[in-house]
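Let me begin by presenting the structure, written as structure tokens, before commenting on it.
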């Protein structure tokens with residue numbers, strides 16, 4: 001039995017210490033999903049805490065055949081989608097993002113200038129993400145931040161695999177449209193085909 | 001140059017061979033739409049996970065304890081209200097009886113005794129009738145009907161027990 005499974009079994013028997021181990025293990029992916037979905041550190045913290053509370057309350061219903069991470073992310077995604085549908089609109093401030101987040105340029109990177117450019121692009125992407133439909137946003141975050149497969153995303157968001165593919169395509173095209181139309185204030189000189197990562 | 005295959009390559013986001021990469025690079029210099037899509041792909045691949053502030057699990061424990069407390073309080077309040085309303089209803093329903101008992105306890109006792117005797121007599125009569133029916137019915141109803149009745153009863157009980165287990169499954173922290 002793996003550590004994770006042991007913690008799950010103990011937590012299912014009411015051991016809150018074991019559940020805390022699970023919280024420690026999954027706090028970053030859950031918080032990241034909430035942050036990318038909601039766009040604000042404070043809201044993300046609250047949503048991530050709520051996600052773990054919901055998971056704790058419904059732990060007896062968790063099917064051990066499923067991936068625990070996918071199950072948790074599914075709860076987080078649905079919680080955030082509900083919040084977004086209730087609020088309809090979220091305004092995101094880049095200043096707030098820079099103050100509240102740990103997503104800062106890595107000064108120790110071999111090319112600090114490139115790292116700063118990437119950081120600007122990440123900020124820009126985070127801003128553009130907020131314009132997507134909540135379900136599309138959840139699919140993009142799970143695919144690119146959490147590295148989930150299309151099948152896992154489909155199971156988590158209660159969609160079919162073709163629907164996930166279609167949503168990912170649509171979302172990236174929408175992001176590209178916005179990316180293109182965005183004022184050139186953050187746009188860098190570098191073209192994507194000049195990047196070593198391309 | 002045809003735009004379609006390049007957009008499909010970018011959306012599929014799969015590795016390209018040298019020839020395809022060369023063709024795509026040439027296309028990207030001329031096509032703003034595809035260049036934007038390529039930039040978005042690149043930005044999505046260079047993303048980093050945001051981490052919560054330190055002490056997340058400690059804050060979770062505090063929140064969990066607070067929620068447990070609220071749920072316990074809600075349960076106690078709910079149970080107390082239920083008990084109070086049950087006692088109030090009982091008193092309200094038995095109020096005429098209580099008044100009669102205080103006014104003339106002997107006549108009330110006599111009426112209770114006569115009701116008890118009548119109930120006992122009807123029980124005895126029902127017993128006699130059921131014994132008679134049990135003697136007559138098994139011969140009238142075929143065996144397969146009895147089997148069907150037993151099976152239906154068994155199935156119904158299983159469904160009932162299963163539903164009860166499902167309904168009464170307790171959530172944690174409650």
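Sort through A:136, A:147, A:123 and tell me the only one that's at positive phi and out of contact with any strand residue (DSSP E or B) (no Cβ under 7 Å at 6 or more places or on another chain).
Exactly one of A:136, A:147, A:123 is at positive phi and out of contact with any strand residue (DSSP E or B) (no Cβ under 7 Å at 6 or more places or on another chain), namely A:147.
State whether one or more residues within the stretch B:74-93 are within 30 Å of residue A:45 (Cα to Cα) and either without any contact (Cβ under 8 Å) to a residue 12 or more places away in the chain or in a helix (DSSP H, G or I) (or both).
Yes, the stretch B:74-93 contains a residue that is within 30 Å of residue A:45 (Cα to Cα) and either without any contact (Cβ under 8 Å) to a residue 12 or more places away in the chain or in a helix (DSSP H, G or I) (or both).
Criterion first (surrounded by fewer than 19 Cβ atoms within 10 Å (Cβ to Cβ), away from chain A (no Cβ under 12 Å) and in a helix (DSSP H, G or I)) does residue B:58 satisfy it?
In short, no.
Please go through the stretch A:159-198 and give me each residue that is closer than 28 Å to residue A:77 by Cβ, surrounded by 14 or more Cβ atoms within 10 Å (Cβ to Cβ) and at pLDDT below 80, ordered by number.
A:182
Among the residues of the stretch A:91-104, are any away from chain B (no Cβ under 14 Å), assigned to a loop (DSSP other than H, G, I, E, B) and at pLDDT below 90?
yes
If you check every pair at least six apart or on different chains, which have Cβ atoms under 8 Å apart with a residue in the stretch A:141-153 that is facing another protein chain (nearest Cβ under 10 Å) and part of a helix (DSSP H, G or I) first and a residue that is modelled with pLDDT of 90 or more and surrounded by fewer than 20 Cβ atoms within 10 Å (Cβ to Cβ) second?
A:143/A:150
Look at the stretch B:18-32 and say how many of its residues are in contact (Cβ under 8 Å) with a residue 24 or more places away in the chain and either part of a helix (DSSP H, G or I) or within 10 Å of chain A (Cβ to nearest Cβ) (or both).
Matching residues across the stretch B:18-32 total 3.
Does residue A:23 qualify as being part of a helix (DSSP H, G or I) and under 28 Å from residue B:167 (Cβ atoms)?
No.
Which residue, of A:33, A:73, is within 11 Å of chain B (Cβ to nearest Cβ) and buried (at least 20 other Cβ atoms within 10 Å of the Cβ)?
A:33
Among the residues of the stretch A:36-46, what is the count of those that are part of a helix (DSSP H, G or I) and either touching a residue at least 60 places away in the same chain (Cβ under 8 Å) or surrounded by fewer than 24 Cβ atoms within 10 Å (Cβ to Cβ) (or both)?
Of the residues in that region, 7 qualify.
I'd like the residue in the stretch A:120-136 that is assigned to a loop (DSSP other than H, G, I, E, B) and surrounded by fewer than 20 Cβ atoms within 10 Å (Cβ to Cβ) and, out of all such residues, is farthest from the other protein chains (Cβ to nearest Cβ).
The qualifying residue farthest from the other protein chains (Cβ to nearest Cβ) is A:133.
Out of the residues in the stretch A:13-27 that are surrounded by fewer than 17 Cβ atoms within 10 Å (Cβ to Cβ) and at the interface with chain B (Cβ under 8 Å from one of its Cβ atoms), which is nearest to residue A:60 (Cα to Cα)?
For the stretch A:13-27, the residue satisfying everything is A:14.
The values are calculated or read from the model by the stated rules, or taken from the named source; none is laboratory data. Computed from a predicted model, the values in this text were never measured in an experiment. Positions of Cβ are generated from backbone atoms using ideal geometry, with glycine treated the same way; all protein chains shown enter the neighbour counts.
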